[in-house]
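This report refers to the structure that appears directly beneath it.
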């Protein structure tokens, strides 16, 4: 595998570069010649000139490309507007083919099905690289369909972009289609002696409190924790809801866990209603946090990934890096990409979104490095290029921002734990450890609404409890109360009963049983009664309880249900205690 990278300056110099490629091919063994063209400018004339020249000079060559937010050449951020990467494959069975199609949410199914079928019919395919114009379009259906590509094939790629982050236009092109927006290019690479492996590198860390997605639709995120989603950016980062929102929020994406991957999502805009426009769907109910980039952490993770990639012994590396990472590093944008050149010829571009299939699912990423490594031939034992991060001593450094972020993370965790304890205390009876009256009342109301007639109540009173307190003292009385609470909790668990158990007040308890177990309420109450009667207390000895049981009817509400349970209990107390009465 031979690679030549060069800048496009004008047609005459392009002719010289292409003829240099032709000369190399004539003097050496070659099986396939490919060109990747990356343009920071939306210049169709220049792009058409390059494509036409390649086709005329090397008709058998396969070419593809897109507009970008910056080009990566030899691992560095290129200073040229248009860059060309020529790869010459040497093994005779190596193959490269390209498909270009118009793409929209309506056509995603048909286009992706064509790709899946192509791979199924061509066992030589080892990798599918995708270039796509994604602004203004949800990628969810596309990633879902492309996840069906044969499982042994690597699937990855990037979204076309432009130098102006606010620009909505972006182009893709290939020898299978013209330079256009609203399109996708798939490049298929394979052969018996081609080996491809992919990696995902982030380095962004969670920051602040966890939020729940409470309202979303498609790629629009409306609410976090019941509040407009934009509010988290204004409240915590002081980012205004104006035309600069995209640029200002780019370095602080939303992060969440999906399967075995960390997913970063950078919103592309904000609405007047406080909603956020995303490039992919975010499901309601998932837990998200804000994320931030720390240089030391990023470089450490890049280094770890680089060591692993070096073991693969690649001959070329493709990098799809989010424009947010370029924005984050500024003039030092190639700090994290240049070291890969120490391993193999490295090229790529800065994207509007990165794609990588992992664990069978193709995921669209933001603020991420997606890396594809290629090799012709087997690994050579005893040989490998070492991954070198020259000038970056990160082994013993911990940056100030990392320390501050760690402080925030620990403080946040402690705060969340304190909040969980406060929430538990708010619904827990301090003496018995079971639910308090406020909680059990709310559970009864909720059960009536959700389960309707599949709801039963057991109201329990400890018989002659005042005598226990008067004779043996309140400490012994407290032990009796705790004993009954534990007995009911343990019995419900043993019987596999879905029940909400709470202290109603004093020596009275309420048990709410729902679902299929509601019909067993009388038997459950009887189990409580019999088992409690066998319980021996240190001073008070054995005590008894009386229970009133009732089941919800179609005419009932929560209040009438509680009144009837209380009435059943009253009858049981009046008729001699230590019994279960059903009304």
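The values are calculated or read from the model by the stated rules, or taken from the named source; none is laboratory data. Predicted model only: the values in this text are computed from it and were never measured. No Cβ is skipped: glycine too gets one built from the backbone with ideal geometry, and neighbour counts run over all protein chains shown.
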Practice problem: Scan the stretch 415-437 residue by residue and report those that are without any contact (Cβ under 8 Å) to a residue 24 or more places away in the chain and either surrounded by 15 or more Cβ atoms within 10 Å (Cβ to Cβ) or on the phi > 0 side of the Ramachandran plot (or both). | Solution: 427, 428
Quiz prompt | Checklist (1) assigned to a loop (DSSP other than H, G, I, E, B); (2) under 33 Å from the mean Cα position of the chain (by Cα); (3) more than 24 Å from residue 365 (Cα to Cα) applied to residue 93, failing item | solution = (2)
Quiz prompt | Boolean, residue 224 is closer than 20 Å to residue 415 by Cβ, free of Cβ contacts under 8 Å to residues at least 60 places away in the same chain and either surrounded by fewer than 20 Cβ atoms within 10 Å (Cβ to Cβ) or not assigned by TED's automatic domain parsing to the domain that holds residue 364 (or both) | solution = no
Quiz item: Given the conditions (1) without any contact (Cβ under 8 Å) to a residue 24 or more places away in the chain; (2) on the phi > 0 side of the Ramachandran plot, which single one is not true for residue 331?
Solution: (2)
Quiz item: For residue 120, which of the numbered conditions (1) surrounded by fewer than 16 Cβ atoms within 10 Å (Cβ to Cβ); (2) modelled with pLDDT of 95 or more; (3) touching a strand residue (DSSP E or B) at 6+ places or on another chain (Cβ under 9 Å); (4) closer than 18 Å to residue 357 by Cα fails to hold?
Solution: (3)
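Would you point out which residue out of 515, 548 is under 42 Å from the mean Cα position of the chain (by Cα), in contact (Cβ under 8 Å) with a residue 12 or more places away in the chain and either closer than 26 Å to residue 446 by Cα or outside the structural domain of residue 455 (by TED's automatic domain parsing) (or both)? Write out each step before concluding.
On the way: 548 fails: under 42 Å from the mean Cα position of the chain (by Cα).
Sole residue among the options that is under 42 Å from the mean Cα position of the chain (by Cα), in contact (Cβ under 8 Å) with a residue 12 or more places away in the chain and either closer than 26 Å to residue 446 by Cα or outside the structural domain of residue 455 (by TED's automatic domain parsing) (or both): 515.
In contact (Cβ under 8 Å) with a residue 24 or more places away in the chain and touching a helix residue (DSSP H, G or I) at 6+ places or on another chain (Cβ under 9 Å): which single residue out of 485, 521, 525, 499 fits that description? Reasoning before the result, please.
Numbers: 485 fails: touching a helix residue (DSSP H, G or I) at 6+ places or on another chain (Cβ under 9 Å); 521 fails: touching a helix residue (DSSP H, G or I) at 6+ places or on another chain (Cβ under 9 Å); 525 fails: touching a helix residue (DSSP H, G or I) at 6+ places or on another chain (Cβ under 9 Å).
It is 499.
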Quiz item: Among the candidates 72, 99, 88, which residue alone is part of a strand (DSSP E or B), assigned by TED's automatic domain parsing to the domain that holds residue 333 and more than 24 Å from residue 351 (Cβ to Cβ)?
Solution: 88
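Looking at residue 55, is it out of contact with any strand residue (DSSP E or B) (no Cβ under 7 Å at 6 or more places or on another chain) and either outside the structural domain of residue 326 (by TED's automatic domain parsing) or closer than 23 Å to residue 186 by Cβ (or both)? Even if it seems obvious, please write down each step before you answer.
On the way: out of contact with any strand residue (DSSP E or B) (no Cβ under 7 Å at 6 or more places or on another chain): yes; either outside the structural domain of residue 326 (by TED's automatic domain parsing) or closer than 23 Å to residue 186 by Cβ (or both): yes.
Here the answer is yes, as residue 55 does meet what is asked.
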Quiz item: Which one of these is closer than 27 Å to residue 230 by Cβ and without any contact (Cβ under 8 Å) to a residue 40 or more places away in the chain: 269, 285, 293?
Solution: 269
Exercise. Name the one entry in 165, 209 that is farther than 20 Å from residue 323 by Cβ and at pLDDT below 95.
Key: 209
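Please go through the stretch 438-453 and pick out each residue that is surrounded by fewer than 17 Cβ atoms within 10 Å (Cβ to Cβ) and under 22 Å from residue 580 (Cβ atoms). Give the steps one after another, and end with the answer.
Of the stretch 438-453, the ones surrounded by fewer than 17 Cβ atoms within 10 Å (Cβ to Cβ) are 438, 442, 445-446, 449-450, 452-453.
Across the stretch 438-453, the qualifying residue is only 453.
Give the stretch 286-315 a look and list any residue that's in a loop (DSSP other than H, G, I, E, B), under 12 Å from the mean Cα position of the chain (by Cα) and farther than 24 Å from residue 136 by Cα, or say none.
none
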Exercise. Residue by residue through the stretch 302-334, note down the ones that are out of contact with any strand residue (DSSP E or B) (no Cβ under 8 Å at 6 or more places or on another chain) and either over 22 Å from residue 248 (Cβ atoms) or surrounded by 20 or more Cβ atoms within 10 Å (Cβ to Cβ) (or both).
Key: 303, 304, 306, 307, 310, 311, 324
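Between 128, 82, which is more than 32 Å from the chain's Cα centre (by Cα), closer than 26 Å to residue 340 by Cα and surrounded by 22 or more Cβ atoms within 10 Å (Cβ to Cβ)?
On the way: 128 fails: more than 32 Å from the chain's Cα centre (by Cα).
Exactly one of 128, 82 is more than 32 Å from the chain's Cα centre (by Cα), closer than 26 Å to residue 340 by Cα and surrounded by 22 or more Cβ atoms within 10 Å (Cβ to Cβ), namely 82.
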Quiz item: Do we find a residue being in the same structural domain as residue 123 (by TED's automatic domain parsing), touching a strand residue (DSSP E or B) at 6+ places or on another chain (Cβ under 9 Å), surrounded by fewer than 22 Cβ atoms within 10 Å (Cβ to Cβ) and part of a strand (DSSP E or B) anywhere in the stretch 157-177?
Solution: yes
